[in-house]
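Notes follow once the structure below has been shown.
The values are calculated or read from the model by the stated rules, or taken from the named source; none is laboratory data. Values in this document were obtained by computation on a predicted structure and should not be read as measured data. Cβ: placed from backbone, ideal geometry, glycine included. Neighbour counts: every protein chain shown. Accessible surface is based on the protein model in full, side chains and every heavy atom, while ligands, DNA and RNA are left aside. Shrake-Rupley method; radii C 1.70, N 1.55, O 1.52, S 1.80 Å.
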Number of protein chains: 2
Amino acid sequence: LALDNRPIGVFDSGLGGLTAVKEMMDLLPNESIVYFGDTGRVPYGTRSKETIIKYAKQDIRFLLKHNIKAIVIACGTVSSVALNEAIKESTVPTMGVVEGAVLGALNATKNKIIGILGTSATIRSEAYEKAIRAVKDDIKTVSNACPLFVPLVENGYFKKDNEIAILAAKEYLKPLIEQNADTIILGCTHYPLLKDVIASVVGQDVTLIDPGKQAAMALKESLKVNNMLSLNKNGEHRFYVSDSTENFSHYANFFLGKNMNSSVEKIDIETY
Amino acid sequence: LALDNRPIGVFDSGLGGLTAVKEMMDLLPNESIVYFGDTGRVPYGTRSKETIIKYAKQDIRFLLKHNIKAIVIACGTVSSVALNEAIKESTVPTMGVVEGAVLGALNATKNKIIGILGTSATIRSEAYEKAIRAVKDDIKTVSNACPLFVPLVENGYFKKDNEIAILAAKEYLKPLIEQNADTIILGCTHYPLLKDVIASVVGQDVTLIDPGKQAAMALKESLKVNNMLSLNKNGEHRFYVSDSTENFSHYANFFLGKNMNSSVEKIDIETY
């Protein structure tokens, strides 16, 4: 029996990845987590592939300094455009959010039409489409890039009745509604914050797939199968960011859906 | 007579500063320009003061490698929150965009009510208000942060009839309209791209002050007074960015208002 109390490393371009941490805390309360949010360089999804790869490698090198047992890439953009490079850089098991979200969507769809939302880089990569085709070949997909969604979320424009968020959602969701998608992958960990806004535009009959939730489920399964679950009574949670920690708690509470008491520290990611 | 053919260094968080370069090209066609746009880390205006200072120092150290005679900080955020630190880092005359914009606004206002738009960091700094008070003490100011304007511009949402841009502008301009400002400082070099959108919301009677234009005028005056104008027949223009150069020309043509034929090169700003 090789149980493993080492923490799990999680990183994201900013604080959106905390929606994945929230699901991990719920599903895996015994696990310790080391989170890095690259708040000094967010967003990733409007940058080039080469820059995203460079940033992802630095993020992984930082997490590897913390004696972690696995890495969850909570960033839809990195998971889509730099997964192979990230896995090569890592020395521990490393998973992204694409595969879990795709399995969730394939389970949910009835009419076999799946919509995909993501950052510009994610949509350009066609990572979700490729992952769907690798499992099933009779699925129709329709995707759209949502470059304003991350700035909207990072600046607090995600409440149900926010008019700018609703207008942006209407524009981005138009082709998915026209193509009659019955399941939509929210292909970026920021997007679950816009769930109410998106649901109000597409209606309650469309299933929204939260990549963070799917990743937490896949992680739990993987840790169990590999006898790597933690024996801690309660996991410890440490948070690191690359910009000031000043407003961290304010936003973190939003993303985590609860008050968090853990410490947060600023680090210089450019030196990793 | 000490005329000076060395280029002028200009930097911005991204490509918005090219609106200032456009005005410099028009007013000072003999001057050579070295431009750096930090496209790998844009935006600056939603980050903390300490991070903005760190990035600004790196930008200046990069420009100083190019045998420049002066630096124009075409970034409203750096000009507002890090001007003193930037000047300390620089070894050549260095100017921001705040002072010129304030003088332009003071000349334009009739009812002595000046509105100020800027990034979150700019508005928090109250740099424009302080610069106004340093010149005149009977001016009423009203300011508002516009955190979505830079993402809107950088993603191409700035055309006159763009509904999302109009809705955001209506929200951000509301207090300025309510307070009856007759002059509005567009306190960020990205914002002149939204001039048509902003004008459609506030009406044609309100004067919009373009900080890039004012900076170009102030620069010309300063070079003339100090006998530092260039004797070149035509200035040479070199452009550097920190993310991929791939879409540079596409956006640069928008910001410069003409096709540009100059070369562009990617550099690693984190090493400066």
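Quick look at the values:
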item	result
Relative packing of peptides B:227-233, B:184-190, A:144-150 - highest average C-beta neighbours within 10 Å first	B:184-190, A:144-150, B:227-233
Nearby aspartates and glutamates by direct alpha-carbon distance to A:K88 (threshold 16 angstrom, same-chain neighbours under 8 apart not counted)	A:E50, A:D59
Accessible surface of region A:1-109 [probe 1.4 Å, protein heavy atoms]: carbon and sulfur percent	50
Kyte-Doolittle mean at least 0.5, axial Cα span of 20 Å or more - DSSP H helices of chain B	B:163-178
Complex-versus-alone comparison for region A:41-71, residues with a loss of 40 Å² or more in accessible area, probe 1.4 Å	A:R47, A:E50, A:K54
Carbon/sulfur fraction of accessible area - region B:119-166, other protein chains in place, 1.4 Å, %	46
FRET efficiency, 1/(1 + (r/R0)^6) with R0 22 Å, evaluated for A:K174 and A:A108 via beta carbons	0.55
Separation in nanometres of the label points that stand 7 Å from Cα toward Cβ, at B:E221 and A:S120	3.7
Spin-label pair A:L3/A:D196, simplified geometry with 7 Å Cα→Cβ offset, distance in nm	3.9
Where A meets B: accessible area buried, both sides, 1.4 Å probe, Å²	2500
Gaussian network model of chain B, springs between alpha carbon atoms under 10 Å - residue of B:S244, B:S79, B:S125 with greatest fluctuation	B:S244
Dipole in debye (nearest 20) - region A:150-270, about Cα centre, beta carbon charges: Lys, Arg +1; Asp, Glu -1	500
Average accessible area per residue (Å²) across chain A - probe 1.4 Å, nucleic acids and ligands excluded	41
Complex-versus-alone comparison for region B:228-260, residues with a loss of 50 Å² or more in accessible area, probe 1.4 Å	B:D243
Coil-residue trypsin sites (Lys or Arg not before Pro) of region A:47-107, DSSP, other Cβ within 10 Å capped at 11	A:K65
Proximal aspartates and glutamates to A:K130, defined as alpha-carbon separation beneath 20 angstrom and excluding residues fewer than eight positions away on the same chain	A:E85, A:E99, A:D138, A:D182, A:D210
Minimum 50 Å² accessible area buried by the other protein chains, region A:144-174 residues, probe 1.4 Å, relative to alone	A:L148, A:N155, A:Y157, A:I164, A:L167
Choice from B:D12, B:D38, B:D137 showing the highest fluctuation, given a GNM over chain B with Cα pairs closer than 10 Å	B:D137
Taking region A:92-166 and dividing mean pair separation by its residue count, relative contact order in percent (alpha carbons under 8 Å, at least six apart)	30
Distance in nm between pseudo-label sites at A:N155 and A:Q204 (7 Å out along the Cβ direction from Cα)	3.3
